[in-house]
Amino acid sequence: MVSSWELFDTYKYQNVIGLEMFIVKRLKKKAKKMSEQSESLYASHIKIYPKYQQGFFRKIKWISLFILLGFYYLIPLIRWDRGGDLPTQAVLFDLPHRKFYIFDLVIWPQDIFLLTFLLIVSAVGLFFITALAGRVFCGYMCFQTVWTDLFLYVENFFEGSPRQRRMLDEHKFTGKWFVRKAGKHFVWLLIGLATGGAFVFYFADAPTLFKSFLDGSAPYAAWFSLGFLTITTYVFAGFAREQVCIYMCPYARFQGAMFDADTLIVAYDEKRGEPRESNKKIRGKENSGDCIDCHECVRVCPTGIDIRDGQQYQCITCAACIDACDEVMDHIGKPHGLVRYTALSALENKKARLFRPRVLFYGGILLLAVLMIIVHLASRASVDLNVIRHRKPVYITQSDGSIQNNFTIRVLNMTAKPQVYALGIEGLKNAELSVAAMTQKDDDGNTLLIVGPGKVEPFTAYVRSKDRSGGQSAITFALTAQDETGGQDRYESVFMRPE
């Protein structure tokens, strides 16, 4: 630290006031410099130009991409005959009619609790995969990764290698720059438009909605969804890219809590690779490792990290660095595996355990949730009966002294063909049932109701009883289909009388 006397001798100040002013000025200058050098709360974005690396894991990613995008884009176009006037689209989420059609499976509003089990399966399945193989879901199946890979391929096609892309960005507003950028962004927007279009086709009949888009008669919700998904796909896959994985996705932050020493991850074998040596003349001596410090693993990384720095939350386990390192090892005559899928325990020459308590726990919950969904779908009834007793009036006294209660009955036919149901009552003595506008009866005297496939039909039922004992009595409505596939259902209600 500079003393006051040294400052005094250096600048020859002759009075105390001048010395104090000088010290204050120096302190302000030092404080300003420290403020400028202090770390910012926000890191400025540095654009990444990842190399499109070919190799074994790249082929797996291509297969995953084609399968996932193929399913996403083509499933709304598949037709499926369900009979009657039911929708002919294989997968249709019919929100206006509150039905989800998945081939022969129909999800009704009564099955809404299945959404809970579906969310449990999705969450626990992700935990299970993470405990076993790290962020392999992010690397191969996440929609952000899949579409970003597709966008990067388009960028590579129009703009060339990472070096060519950098040079193009440094020399803007030239003819070459405009043509290549325009072509790339045009294809990006087409992909975004196809993505948004495929999504809205899941919620309406695809051919009908497509025609309404062409003639401009599509509903506002369809236009909004199409535009919103087109823009978000274009922005997230084209510009945000790794920023979504690093900052926006919460999974990147908590996935480390599901890792342990036996989790399969992408890792660098430090014992084999260190010390690094890029000089070919020195390489191969006893003290040098297999890593030649070529930085190929960094150039291909979509999130821009160096896998040699150890486990990092930015790593999405895409294995691009493995393909890059294996290619380099081939060139220098070294075996593969310097960067590989392994566990931290394996790097310490310990045996990695596959079946561990957390893996068994996640697997048990996952299996239980899946079994509960299967059991419900396999055992659910083909018909649903709902009965509502009219409250005004509570009861009606007839001229012959009998008591009448009125009910609204709703019958839901969950099969794919029309059904005829026999409706009867149980538990009420000296009672008779009649249904408005329905006169046909079966051999047992039960009223016959006709309900179309996938329809809900309301009926008004009248129950009369000559038993005038006071208070209320339990009554059970029994509904049985004439066809074996129609199923049966029962509903318990009450019959009201004067006290």
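The values are calculated or read from the model by the stated rules, or taken from the named source; none is laboratory data. These numbers were taken from a predicted model, which means no experiment stands behind them. Heads up, the Cβs are rebuilt from the backbone with ideal geometry, glycines too, and the neighbour counts pull from every protein chain shown.
Could you list, in sequence order, all residues of the stretch 257-269 that are of a type outside the set (V, I, T) and surrounded by 14 or more Cβ atoms within 10 Å (Cβ to Cβ)? Talk me through it step by step, then tell me what you get.
The first filter runs over the stretch 257-269 and keeps only residues of a type outside the set (V, I, T), leaving 257-262, 264, 267-269.
Once the filter is applied, which keeps residues that are of a type outside the set (V, I, T) and surrounded by 14 or more Cβ atoms within 10 Å (Cβ to Cβ), the stretch 257-269 yields M258, F259, D260, A261, D262, L264, A267, Y268, D269.
Each row is one residue, and each column tells you yes or no for (1) in a loop (DSSP other than H, G, I, E, B); (2) under 48 Å from the mean Cα position of the chain (by Cα); (3) among the small types (G, A, S).
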{"residue": "G401", "(1), (2), (3)": "yes, no, yes"}
{"residue": "N406", "(1), (2), (3)": "no, yes, no"}
{"residue": "R410", "(1), (2), (3)": "no, yes, no"}
{"residue": "A416", "(1), (2), (3)": "yes, yes, yes"}
{"residue": "G424", "(1), (2), (3)": "no, yes, yes"}
{"residue": "L428", "(1), (2), (3)": "yes, no, no"}
{"residue": "E432", "(1), (2), (3)": "no, no, no"}
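Pairs, please: C-beta under 8 Å, at least 6 apart or cross-chain, first residue touching a residue at least 24 places away in the same chain (Cβ under 8 Å) and in the stretch 297-312, second of a type in the set (D, E, K, R) and part of a loop (DSSP other than H, G, I, E, B)?
Between residues of the stretch 297-312 that are touching a residue at least 24 places away in the same chain (Cβ under 8 Å) and residues that are of a type in the set (D, E, K, R) and part of a loop (DSSP other than H, G, I, E, B), the close pairs are C297/D306; R299/K51; V300/K51; P302/R241.
Looking at the stretch 332-354, I want the residues that are under 21 Å from F57 (Cα atoms) and have a partner that is hydroxyl-bearing (S, T, Y) and in a loop (DSSP other than H, G, I, E, B) with Cβ atoms under 7 Å, at least 6 apart or on another chain. Which pairs are those?
So the pair list comes out as A343/T263.
Only one of (1) closer than 25 Å to N413 by Cα; (2) loosely packed, with under 15 Cβ neighbours inside 10 Å; (3) at pLDDT 90 or above fails for R380. Which number is that?
Unmet condition: (3).
Kindly indicate the residue of the stretch 323-335 that is assigned to a loop (DSSP other than H, G, I, E, B) and surrounded by fewer than 15 Cβ atoms within 10 Å (Cβ to Cβ) and also modelled with the lowest pLDDT among those meeting that condition.
As a first pass, look at the stretch 323-335 and keep what is assigned to a loop (DSSP other than H, G, I, E, B): 333-335.
So of that shortlist, the ones also surrounded by fewer than 15 Cβ atoms within 10 Å (Cβ to Cβ) come out as 333, 335.
On the way: G333: 90, P335: 94.
Only one residue fits best here, namely G333.
Is it the case that some residue within the stretch 220-238 is outside any helix (DSSP H, G or I) and either of a type outside the set (G, A, S) or over 25 Å from D323 (Cβ atoms) (or both)? Outline the logic, then answer.
If we filter the stretch 220-238 for residues that are outside any helix (DSSP H, G or I), which is where we start, we get none.
No, the stretch 220-238 has no match at all.
Considering each of I388, I307, I374 in turn, give the residue that is modelled with pLDDT of 90 or more, not small (G, A, S) and not assigned by TED's automatic domain parsing to the domain that holds C249. Working first, answer last.
Values: I307 fails: not assigned by TED's automatic domain parsing to the domain that holds C249; I374 fails: not assigned by TED's automatic domain parsing to the domain that holds C249.
Every option except I388 fails the conditions.
Out of the residues in the stretch 185-226 that are closer than 14 Å to L95 by Cβ and more than 22 Å from the chain's Cα centre (by Cα), state the one that is surrounded by the fewest Cβ atoms within 10 Å (Cβ to Cβ).
Applying the first criterion (closer than 14 Å to L95 by Cβ) to the stretch 185-226 yields 199-205, 209, 219, 221-222, 225.
Filter again for more than 22 Å from the chain's Cα centre (by Cα), leaving 205, 209, 219.
Working: D205: 16, L209: 20, P219: 12.
Within the stretch 185-226, the match that is surrounded by the fewest Cβ atoms within 10 Å (Cβ to Cβ) is P219.
Among the residues of the stretch 457-495, which ones are crowded, with 16+ Cβ neighbours inside 10 Å and hydrophobic (A, V, I, L, M, F, W, C)?
Hits for the stretch 457-495 are F459, A461, V463, I475, F477, A478, L479, A481, F495.
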